[in-house]
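These notes are about the structure you will find just below.
Every number in this text was worked out from the coordinates using simple rules, so none of it is lab data. All values derive from a computational prediction rather than experimental measurement. Counting neighbours? That spans all protein chains shown, and the Cβs are built from the backbone with ideal geometry, glycine included.
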Amino acid sequence: MSLVDAKVRDRMIVALDYPNVSAAEALVWQLGDVVTFYKIGLELSIAGGLDLAADLIGAGKKVFLDLKLHDIGNTVERATAAAAERGVHILTVHAYPQTMAAAARGAKGSPLEVLGVTVLTSYDDADLATAGYHMGVTDTVRLRAGQALEAGIAGVICAPTDAAMVRAILGPDGRVVTPGVRPKGAEVGDQKRFATPAEAIAAGADRIVVGRPVTAAQDPVAAAEAILAELAGA
Ligand SMILES: O=C(O)c1cc(=O)[nH]c(=O)n1[C@@H]1O[C@H](COP(=O)(O)O)[C@@H](O)[C@H]1O
């Protein structure tokens, strides 16, 4: 394992996008002390990932529960409180004012960081127009970042290409977490708004979320180490 500062290590969140717990556990085992922060999203949560979250927390890892909640206020508040009780570090909700305000109430008094998903990194202006929105990506992200601040949640999820604008809105204390991260030359896949790890940090991101560049790599440990080295130099 390279001599990367623990703070730098915590800046990289590896997305455990797997169809079952044993595949996710195999990667966690392989990565060992290299990775300190994991994301459990929709696919793995449905396949038993909530119990894995508890195991990871018990083993000293940090867990980002990526459930992208969006429901009536009562439901979001109670689901957020349940996540806070499980000791997860980050929970996502969609960045709608009612939803974010409800999540802020649910997380109150706990260290849980609620992050509002502004505009998914797989969307561009044309996708928003198709979905019936009259504003483009930049204006929508700007609006939602301001509403996240008003709602009193910890911060937002945005593309690295939005991070500088979002950092200016949230100020130094807001959390800016960016998926859509691709090391130079990596497969882009379904991401439309993306940048390199170093570019994301330089633009003001606190943490990056990385899935396939690590999980689909021939050597996940080397891939994770290379990203950490890039973050350390950023
Ligand atoms: O909330 C997220 O984490 C998220 C938001 C977003 O706008 N875009 C996005 O890709 N994500 C997640 O970040 C991860 C990105 O994975 P890779 O594209 O494989 O690096 C996936 O787990 C996505 O669910």
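Label separation (Asn20 vs Asp219): 2.9 nm, computed from points 7 Å beyond Cα along the C-beta direction. Pairs of lysines 8 or more apart, or on different chains, with alpha carbons under 17 Å: count those in the chain, would you? Taking the chain as the scope, the lysine pair count is 6. Computed extension length for Thr138-Asp124: 4.1 nm, one decimal, from 0.36 nm per residue of separation with the Cα-Cα distance subtracted. Considering only DSSP states other than H, G, I, E and B, which GluC sites (Glu not before Pro) in segment 144-234 qualify as loop sites with at most 13 other Cβ atoms within 10 Å? Sites meeting the loop and neighbour criteria: Glu187. Note on Val4 and Leu42: with the Förster distance fixed at 41 Å, the Cβ-Cβ geometry gives a FRET efficiency of about 0.85. Using C-alpha pairs below 8 Å separated by at least 6 residues, the relative contact order for segment 106-234 is 22 percent.
Over the Cα atoms of segment 116-234, the radius of gyration divided by the Kirkwood radius equals 0.99; this is the Rg/Rh ratio.
The alpha carbons of segment 6-233 occupy a box of 43, 38, 33 Å along the principal axes, longest dimension given first.
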